[in-house]
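Novice: Take a look at this one; I'll ask things after.
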Amino acid sequence: MTETLSPDTGASTAPASGRRPPLRFARFRDLALVPAIVILLVVGALLDPTFLTTGNLLGVLQQQSALSLLVLAEAMILITGKFDLSLESTIGFAPVLAIALVVPTSAHGLGTEWAAWLAVPLCLLTGALIGAFNGLLILKFQLSAFIVTLGMLITVRGLHEGVSGGNSLFQIPQSFMFLGFETWLGLPLSVWISLALFVVGMVVLSYFRQGRSLYAVGGNVDAAKAAGIRTNKVIWTVLIIGGVLAALAGMLETGRLGAIGANLGDGMIFDVFAAAVIGGISLNGGKGTLFGALCGVLVLGLILNILRLTAVDGHWFNAIKGVIILLALVLSRLTTGKAQE
Amino acid sequence: MMSAVNHPAASEGLAAVARNVTKRYGRTVALDDVGIEIKDGESHALVGRNGAGKSTLVSILTGLQAADSGEVSFFGKPAPALSDREGWRRNVACVYQRSTIMPALSVAENLFINRQGKRLISWSKMRRQAGELLEPFGVDVDVNTPASDLTVEQRQLVEIARALSVGARFIILDEPTAQLDGPAIERLFERLRALQDTGITFMFISHHLEEIYEVCQTVTVFRDARHILTAPVAELGRAELVDAMTGEPGGLTVPGAADRPDVSQDSEVALNVENLTGDSFSDVSLRIRRGEVIGFAGSASSGKHQLAETVYGLRKPSSGVIEVDGRKVKPGSVLDALKHGIGCVPRDRHHQGLVLGLSIAENAAMTVMNKLGPAGLVPPKQLAGVGSKAIESYDIVTSGADQPVSDLSGGNQQKVVMARALASDPKVLVLINPTAGVDVKSKESLLGVVDRVARTGTAVIVVSDELDDLRVCDRVLVMFHGEVAHEFGRDWTEQDLVAAIEGVSE
């Protein structure tokens, strides 16, 4: 059969591989969750007349503001290709330590009774230090981020319990409550803060070298190194910012509730990851946008709100919530069309 | 078009046949009504440029993907269902460029993965059988060692041995020589010929046309998702083969150094390396003038890659000095190398060259992100500008600067890496295997870029295993065991150079 066939001279109809139609869906992928949010609003309105009231929706936003800051932090850390489970402990421990250092022992303080205005900077500093310590273990000791931050989750939670002695802290300085308590132009200040930080995050991650380097490091750390990016510095910075954001989230939550519970943040990390992944952040790094993550937070918040309004039996609440989150993941997997890693 | 016109009794004596196979990915046609017939016991080469459809055909012939239409058969029987992995494994095996060995498992377990038997695993029996299996291949390793310790050559032999032990009589080799040095390639070819004598059939994919003439009997050329020709290797000249691959007469025109004017002796020294010692090389000194292209040749163990990576700061030297334009570069710092005007195409584009998920523009601009706007601002316009300039200057085939690099063919990806290295207008350009795994046309255009930047006064280092890459060089230094052993001018001959690389010249 070895007959030489002459080269095919027919006009080429096959487009060279890599050519795509001019319409770019990539731009719309970010908006994939918008229809889901609309559907949830409609479903909520049909199920319960109080759902679409300003009061309820503002409540949703305010309740989600602390979670959204954790998601903002986790999204940036995931994009950089790392992991931080300890955020859910930082959100409780940072405010507890700060408050315990300034209140008298009668209010479960540590006895130091430092000036009250120190509470805010102390809280943020604690978050930064926890992030920096995570970075130290992950980068200098080259440990897996997953297991390091799991260990830190437990350790920091333990510190929270130890420092507070298992008590809720009530005598919170006014300066500390301010951010979570005030409203501005009819919206809780905490919602403005979350929104503003998300906008800053989106701008930095889209239009700044420092932000784009997160994607480079998470996408291919060796290529980023070879392009002159100081990858360790980037990862460390992101972990520290993550800790600070978690501490800030703790402040907002304290202001909203008027006290710090002994279990503040407990179990939140699951919601954080669920929101991030529903929002299209890849667990393998290098992929996803903060806008997507924000949509993920809203989807999750609306689902939870609808569940509460429909007065599901409290004992079944978690099971239903879990199932709905899994469904949301399946749906987001189908709408984005790509396998989740 | 190449269906068996003069063989009505079709599949007699044919190891593998694909007929009228079409495969689309979305709007992209990856294979357009192609066919291939591989005779029992032959070595059949499949060649074509990146994006010609070779990889798609391999995944269809190995049952990893189903064709949209068309048929595949082995030894006269239709191919098994896609879900019948066992059935496919008995018919065909493929040694990919990327390993299918599980690095953490022992060699023995890799050989018997998923067929350890129905009862409890007898480790001693498995080890004995593994030893017996590997014996004829001369793989001199303990079967208990983890597979990650194997050399590339041993790894390939283990994969071939595993395929044969499953019962496959047809083996696809996808660029098996890409990561091997000269002697290892020779040993592999000897092994292939011996296996062929025992009746094993091979399909061989390579960008090195010389290798096809050395080991194959028949060659099939694909271009732009179509079958172009199938012919006995002996009847097809090299020029005709290249013409068929590129679709244009004229063949490969690699720019030679002789076309450039001589680099004058009083031209400034751009890069000065003094007594540099580091990983796998020692006491290397060299001076490269502006506009000069220096080649580094040598075997895989010669230290040439390590030397180049040290110049760019990817590795830290233990002693010695690197200067650009007379100013010292901080050792082991890529950032400082970039600041002083050194650009680099790293050894492996997947490993260090590209962030696959990001766009062309973003990859190309990665080394100059801090120069696009104030305070690290990256204005989208400027970013897109870097991207479209790269696409234009290095003629990257793409739908636009915002296309992710993962969508591009290998040759075009490599052009993006080149764009990244040149984005900062470096005074010194370090290229490590710049044309590895790219097709002839892309090779031509990449080497054209080297010629172009040298004319504008950039000093270039080309480290390569491919002699074609070295033709563009004004001087070629041959490294042997970590030292510069020989130096050639522009007028080197292949024989002299190869002899020096192998360390057999006097």
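Novice: Averaged over B:369-376, how many beta carbons belonging to a partner chain fall within 10 Å of each residue's beta carbon?
Specialist: Mean inter-chain Cβ contacts per residue within 10 Å come to 4.
Novice: Pull out the extension gain between B:Asp262 and B:Ala81, defined as 0.36 nm times the separation in residues minus the alpha carbon to alpha carbon distance; nm, one decimal.
Specialist: 58.9 nm
Novice: State the extension gain, in nm to one decimal, for the chain segment bounded by B:Arg119 and B:Asp140, taking 0.36 nm per residue of separation less the distance between their alpha-carbons.
Specialist: Extending this stretch completely gives an extra 4.6 nm.
Novice: Considering only A:Ala145, A:Ala227, A:Ala246, give the residue with the highest GNM mean-square fluctuation for chain A, with springs between Cα atoms whenever their separation is below 10 Å.
Specialist: Sorting by GNM fluctuation, first place goes to A:Ala227.
Novice: OK, next. If one computes P(r) from the Cα atoms of segment A:81-169, what percent of pairs lie at distances over 17 Å?
Specialist: Considering segment A:81-169, 49 percent of its Cα-Cα pairs are separated by more than 17 Å.
Novice: Using the Karplus equation 6.51 cos²θ - 1.76 cosθ + 1.60 (θ = phi - 60°), what ³J(HN,Hα) coupling, rounded to whole Hz, does each residue of segment A:276-283 give in order, writing x for Gly and Pro?
Specialist: Along segment A:276-283, the couplings run 4, 6, 4, x, x, 7, 7, 6 Hz.
Novice: Given the pairs A:Lys82/A:Lys321; B:Lys389/B:Lys427; B:Lys54/B:Lys427; B:Lys23/B:Lys118; B:Lys77/B:Lys443, which are separated by over 30 angstrom at their Cα positions?
Specialist: B:Lys54/B:Lys427; B:Lys23/B:Lys118; B:Lys77/B:Lys443
Novice: Let me ask another. Find out how many positive minus negative residues lie around B:Leu422, taking Lys and Arg as positive, Asp and Glu as negative, among other residues whose Cβ is under 11 Å from that of B:Leu422.
Specialist: Net charge in that neighbourhood comes out at +3.
Novice: Once you list every other residue whose beta carbon is under 11 Å from the beta carbon of B:His305, what net charge do they have if Lys and Arg are +1 and Asp and Glu are -1?
Specialist: Combined, the nearby Lys, Arg, Asp and Glu give -1.
Novice: In addition: Using a basic spin-label model with each label point 7 Å from the Cα along Cα→Cβ, how many nm lie between B:Arg128 and A:Ala132?
Specialist: The answer from the label model is 6.3 nm.
Novice: Roughly what would the spin-label model give for B:Asp425 and B:Val152, points 7 Å off Cα along C-beta, in nm?
Specialist: Distance between the two pseudo-spin positions: 3.7 nm.
Novice: Averaged over peptide B:217-226, how many Cβ atoms belonging to another chain are found within 10 Å of each residue's Cβ?
Specialist: Across the residues of B:217-226, the mean count of other-chain Cβ atoms within 10 Å is 3.
Novice: Mind listing the long-range amide H neighbours of B:Val430? Cut-off is under 5 Å, sequence gap 5 or more, other chains count too, H placed in the peptide plane at 1.01 Å from N.
Specialist: Result for B:Val430 returns B:Gly343, B:Cys344, B:Val345, B:Ile461.
Novice: When only C-alpha pairs under 8 Å and at least 6 residues apart count, what is the relative contact order of segment B:352-406, in percent?
Specialist: 50
Novice: Kindly provide the helix-only [θ] at 222 nm of chain A, computed as the sum of -39,500 (n - 2.57) over DSSP H runs of four or more divided by all residues, to the nearest 500 deg cm²/dmol?
Specialist: Calculated at 222 nm, the ellipticity per residue is -21000 deg cm²/dmol.
Novice: I would also like to ask the following. Just need the Rg to Rh number for segment A:24-336, please, alpha carbons only, Kirkwood Rh.
Specialist: Rg divided by Rh gives 0.97.
Novice: I want to verify a result. In a Gaussian network model of chain A, Cα cutoff 10 Å, which of these has the top mean-square fluctuation: A:Leu46, A:Leu300, A:Leu70?
Specialist: A:Leu46
Novice: A further question follows. So what are the ³J(HN,Hα) numbers for segment B:260-266, from phi and the Karplus equation (6.51, -1.76, 1.60; θ = phi - 60°), rounded to whole Hz, Gly and Pro as x?
Specialist: Whole-Hz 3J(HN,Hα) from phi for segment B:260-266: 8, x, 4, 7, 6, 5, 9.
Only the coordinates and a few stated rules stand behind these numbers; no lab work does. Model, not experiment: these values are computed from the prediction. Don't worry about glycine lacking a Cβ; one is built from the backbone with ideal geometry, like all the others, and counts go over all protein chains shown.
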